Amino acid sequence: MTDQSPFAPEAPIPADLRPVLDALARTARDLARRIARGPLAGQMGARVGANSDGDAQQALDVIADHAFASALRGTGIRWYASEERDSVEELDPAGPLALAIDPLDGSSNIETNVSIGTIFSLRAAMDTGAETFLRPGHDQLAAGYVIYGPQVMLMLTVGAGLHSYILDPDTGLFTLLDPAVTVAEDSCEFAINASNYRHWAKPVRAYIDDCLAGADGPRARNFNMRWIASLVAETHRILTRGGLFLYPSDARPGYAQGRLRMVYECAPIALLVEAAQGRATDGSTRILDLVPASLHARTPFVFGSAGKVDQVTAYHDLPEPEISALFGHRGLFRA
Ligand SMILES: O=P(O)(O)OC[C@H]1O[C@](O)(COP(=O)(O)O)[C@@H](O)[C@@H]1O
Ligand SMILES: [Mg+2]
Ligand SMILES: [Mg+2]
């Protein structure tokens, strides 16, 4: 089965991206099998070290990183940038492409049997790794994620539109489900790690205060809150039924730019969300227009249904007296 494509025959995969996408999908399928075996496959959630940012590395982070790096050799990938590695590596000097990857997203959930994922981004290879990856996200050629959940799914954009695939356990093939996923506009779910409330800046507090005030507040509507601590799972819910995700900057040491990484997480998710007609910003500026200052740079991240993301931007634009007012006095917004 190794040489056979892991995609069902009708999958609309562009020929120039076929080798790399086949390798990514094949590796993800192997990883999915390992994840499904859980403790039977060893201690995947055991801490084995720390990456360059000081984040704990679990066994599965390292296993996934090595699996993807070795599968990509010979697929046209010149530069390989991984959340788990300090610097960019050159795999194939003649390759025309470059790949950035978060090999295992949602690591804190590995042992809890909650959905985790892999996020990837493809770009044209430039002369150096830095030149290749320190560019705006709108330069990406393709982006996607695999979610290892009750179903294994691949969400992929290769430029236009967002395609969803499901891994059929009977055939072992990623099978096209929807060639045009769109983010629903009318949702009243938001996702944020509310334990950081006291560390947030005023516009974020004001936005969340108004959501929590529900039908009695200025938005005149009750909201529901979610937090899985797995960006891929959060994204998948929003692509499925709409809503809003926020990981803002906050006052904790090391969180001045939030937590999520531009190159491995935010740029690819933003490309997917925009391909599905959603919106992604850092609170005010479009993520895909931002240039990361360094390979592991972080950015505040807000994405989801376009109208909801625009409302968050509007809170950032409010004059100080409005921001500081109790929610009852902010009359500008409706859900
Ligand atoms: O634990 P926190 O601060 O709520 O952060 C959760 C976020 O961290 C992440 O787990 C970071 O990703 P990694 O697991 O790849 O480091 C995201 O998936 C998630 O959105
Ligand atoms: Mg991640
Ligand atoms: Mg990760």
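The values are calculated or read from the model by the stated rules, or taken from the named source; none is laboratory data. Everything numeric here is computed off the predicted structure, so don't read it as measured data. Every residue, glycine as well, gets a Cβ built from its backbone with ideal geometry; the counts of neighbours run over all protein chains shown.
Points worth noting:
- Some residue of segment 120-140 being within 15 Å of ligand 1 (Cβ to nearest atom), touching a strand residue (DSSP E or B) at 6+ places or on another chain (Cβ under 7 Å) and closer than 22 Å to LEU231 by Cβ: yes
- Of the residues screened, SER305 is not one that is surrounded by fewer than 19 Cβ atoms within 10 Å (Cβ to Cβ), of a type in the set (S, T, N, Q) and away from ligand 1 (no atom under 13 Å from the Cβ).
- Being aromatic (Phe, Trp, Tyr), in the same structural domain as GLY278 (by TED's automatic domain parsing) and out of contact with any Phe, Trp or Tyr (no Cβ under 9 Å at 6 or more places or on another chain) holds for only one residue in TYR148, TYR197, and it is TYR197.
- Complete set of residues in segment 212-264 that are acidic (Asp, Glu) and without any contact (Cβ under 8 Å) to a residue 40 or more places away in the chain: ASP216
- Count of residues meeting criterion [free of Cβ contacts under 8 Å to residues at least 12 places away in the same chain and buried (at least 19 other Cβ atoms within 10 Å of the Cβ)] in segment 24-49: 0
- Residue under evaluation GLY161, criteria (1) outside the structural domain of GLU274 (by TED's automatic domain parsing); (2) loosely packed, with under 15 Cβ neighbours inside 10 Å, criterion not met: (2)
- The set of residues in segment 96-116 that are farther than 11 Å from PRO268 by Cβ and either of a type in the set (Gly, Ala, Ser) or without any contact (Cβ under 8 Å) to a residue 12 or more places away in the chain (or both) comprises ALA98, GLY106, SER107, SER108, THR112, SER115.
- Among residues of segment 203-244 being closer than 12 Å to ILE192 by Cα and assigned to a loop (DSSP other than H, G, I, E, B), the one that is farthest from ligand 3 (Cβ to nearest atom) is GLY243.
- Any hit, segment 178-190, residues being farther than 22 Å from PHE245 by Cα, in contact (Cβ under 8 Å) with a residue 40 or more places away in the chain, away from ligand 3 (no atom under 16 Å from the Cβ) and surrounded by fewer than 20 Cβ atoms within 10 Å (Cβ to Cβ): yes
- Criterion applied to ALA194, ALA229, ALA213 was being in contact with a Gly (Cβ under 9 Å, 6 or more places away or on another chain) and within 14 Å of ligand 1 (Cβ to nearest atom), and the one residue passing it is ALA229.
- Tally, over segment 122-162, of residues that are over 19 Å from ASP102 (Cβ atoms) and either in a strand (DSSP E or B) or in contact with a Lys or Arg (Cβ under 7 Å, 6 or more places away or on another chain) (or both): 2
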